[in-house]
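Written out below as structure tokens is the structure these notes cover.
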Amino acid sequence: MPTTVRSFAKINLGLAIGPTREDGFHSLTTVYQTLAAHDLVTVTAKAEMTTRISITSNDARVPSDENGMTEANTASKAVRKALALVGATAEIVIHIEKRLPVQGGMGAGSANAAAALIALDKELEGQGIAPLRGAERLQIAEEVGSDVPLFLIGGAVLGLGRGEEVYPLADLPVLHCVVALPQVGVATAQAFRDWDARWSERHADKPANSLTHSGPSGRLRELSRTFASAFCEPHSSGVFALGQDLALNPLVALVRTGIENDFEEVVFPQNPLFGEIKRTLAGSDVPEQAALYAALSGSGSALFGLYATEEAAFAAEGRLTRMGVNWLRTETLPREEYWRRMLVAS
Ligand code: C5P
């Protein structure tokens with residue numbers, strides 16, 4: 001019997017880019033937050049002598065791996081690895097019902113891969129095959145992509161390494177979220193290169209050990225420390241800059257310490273519209289309608305605003321509509337809800 005799961009989107013609450021690693025990827029520190037907006041991923045598995053995986057979708061932009069030459073679809077990549085690991089062979093059909101816009105920064109392709117793994121496990125279980133262990137799922141997820149493992153945790157997730165090293169954080173209160181969807185795309189690899197160029201240009205004349213230049217690793221440490229302290233009880237160690245607001249809402253605490261997404265520094269100058277959208281998401285003449293936080297998600301081009309009230313989110317939608325920018329309305333999805341809503345009853 002087919003298994004259908006919800007494949008939820010994510011945003012990044014701050015993202016610091018660190019040095020380039022030996023494998024060419026950049027170290028980073030970020031907090032991912034899952035959203036209620038989702039695609040649907042259905043996996044059907046039938047035990048066979050050899051493995052065959054096909055992908056179908058309501059959206060032609062989803063790579064179908066039709067000719068079988070290269071496996072462009074993250075979901076089929078993940079499923080093939082999982083079958084190999086458990087030593088099973090099967091005919092697999094993965095159907096991806098795209099409900100999310102195809103928009104960089106929301107992690108939809110990565111989420112599809114994690115959802116396919118979760119659905120496959122259920123299918124194998126139905127056939128008497130032991131499911132993957134948690135650590136095995138995480139291993140496969142990180143081989144498929146940096147943004148895949150977070151979807152095996154859900155809620156608020158600390159991302160380290162190249163983003164694939166994930167740790168569950170205490171959940172934030174549910175907030176209304178408006179995601180702006182500009183029609184221009186951003187090439188992630190190029191955005192990383194642009195960051196590198198900008199960083200070395202800016203710090204060319206500063207000694208690496210000066211206080212104003214702690215190096216790209218210092219930036220990561222700084223944001224990791226901010227995140228860690230935003231999610232713990234207030235204390236007076238004097239090492240962390242955060243104060244009493246933490247007990248109220250970690251997001252407010254993070255915002256007050258000035259969390260930011262480093263990609264904005266390179267992506268906004270190239271796309272002035274993005275800065276305008278961020279200001280539109282953030283601001284309002286009515287203080288109660290301003291966003292708690294607005295930022296670019298990942299390398300974009302999705303931007304989001306988080307709001308305490310439905311009225312504030314509604315007002316932000318109106319501002320974007322008047323600007324002629326498409327948007328998506330959703331809310332943040334804490335971990336328990338993430339897993340409670342995951343499986344679609346058949
Ligand atoms: O994760 P995604 O496939 O979107 O990454 C696209 C490219 O961005 C990678 O091939 C790599 O060049 C760059 N990247 C990086 N450091 C990361 C993640 C991605 O340099 N942590």
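Kindly work out what percent of the DSSP beta bridges joining two residues of the chain are antiparallel, to the nearest 5.
In the chain, approximately 85 percent of DSSP beta bridges are antiparallel ones.
Among all the aspartates and glutamates, which ones have a C-alpha under 16 Å from LYS122's C-alpha, if same-chain residues fewer than 8 places away are not counted?
GLU91, GLU136
Using R₀ = 41 Å, calculate the FRET efficiency as 1/(1 + (r/R₀)^6) where r is the Cβ-Cβ separation of GLN270 and ARG133; round to 0.05.
0.40
Using only the alpha carbon atoms of region 4-76, find the Kirkwood hydrodynamic radius as the inverse mean reciprocal pair distance, in angstroms to one decimal.
Numbers: mean 1/r = 0.0633 Å⁻¹.
Averaging 1/r across every pair of different Cα atoms and inverting gives 15.8 Å.
What does the charge count near ILE11 come to, summing +1 for each Lys or Arg and -1 for each Asp or Glu among other residues with Cβ under 12 Å from its Cβ? Walk me through the numbers before you get to the answer.
Values: positive: LYS10; negative: ASP147, GLU331.
Spelling it out: positives minus negatives among the neighbours equals -1.
Less than 29 Å apart at the alpha-carbon level, and either on another chain or at least 8 residues along: which lysines does that give for LYS278?
Partners found: LYS10, LYS98.
Tell me the mean residue ellipticity at 222 nm calculated for the chain from its helices only (DSSP H runs of n ≥ 4, each -39500 (n - 2.57), averaged over every residue, nearest 500).
-11000 deg cm²/dmol
Per residue, what volume in Å³ does the convex hull of the Cα atoms of region 1-126 enclose?
131
Would you mind telling me which residue in ASP23, ASP121, ASP262 has the biggest mean-square fluctuation in a Gaussian network model of the chain, where springs connect alpha carbons within a distance under 10 angstrom?
ASP23
In terms of the Cα gyration tensor, with a ≥ b ≥ c the square roots of its eigenvalues, is region 105-168 rounded because a/c is under 1.5, prolate because a/b exceeds b/c, or oblate?
Judged from the Cα gyration tensor, region 105-168 comes out prolate (a/c at least 1.5, a/b above b/c).
How much net charge surrounds VAL157 when only other residues with a Cβ under 9 Å from its Cβ are counted (Lys, Arg +1; Asp, Glu -1)?
On the way: positive: LYS10, ARG335; negative: none.
Residues close to VAL157 contribute a combined charge of +2.
Count charges around HIS38 for me, please; just the other residues with Cβ under 9 Å from its Cβ, Lys/Arg as +1, Asp/Glu as -1.
Numbers: positive: ARG6, ARG99, ARG341; negative: ASP39.
With Lys, Arg at +1 and Asp, Glu at -1, the net is +2.
Counting residues in the chain as N, plug N into 2.2 N^0.38 Å and put the Cα Rg over that result.
Cα Rg divided by the expected 2.2 N^0.38 Å: 1.02.
Give the shape of region 280-328 as rounded, prolate or oblate, defined through the alpha-carbon gyration tensor: a ≥ b ≥ c are the square roots of its eigenvalues, a/c under 1.5 means rounded, and otherwise the shape is prolate if a/b is larger than b/c and oblate if not.
Numbers: a/c = 2.02, a/b = 1.32, b/c = 1.52.
The shape class here is oblate.
Since every read-out is calculated from the coordinates, none of them should be taken as a lab result. These numbers were taken from a predicted model, which means no experiment stands behind them. For neighbour counting, all protein chains shown are included, and Cβ atoms are generated from backbone atoms with ideal geometry for every residue, glycine included.
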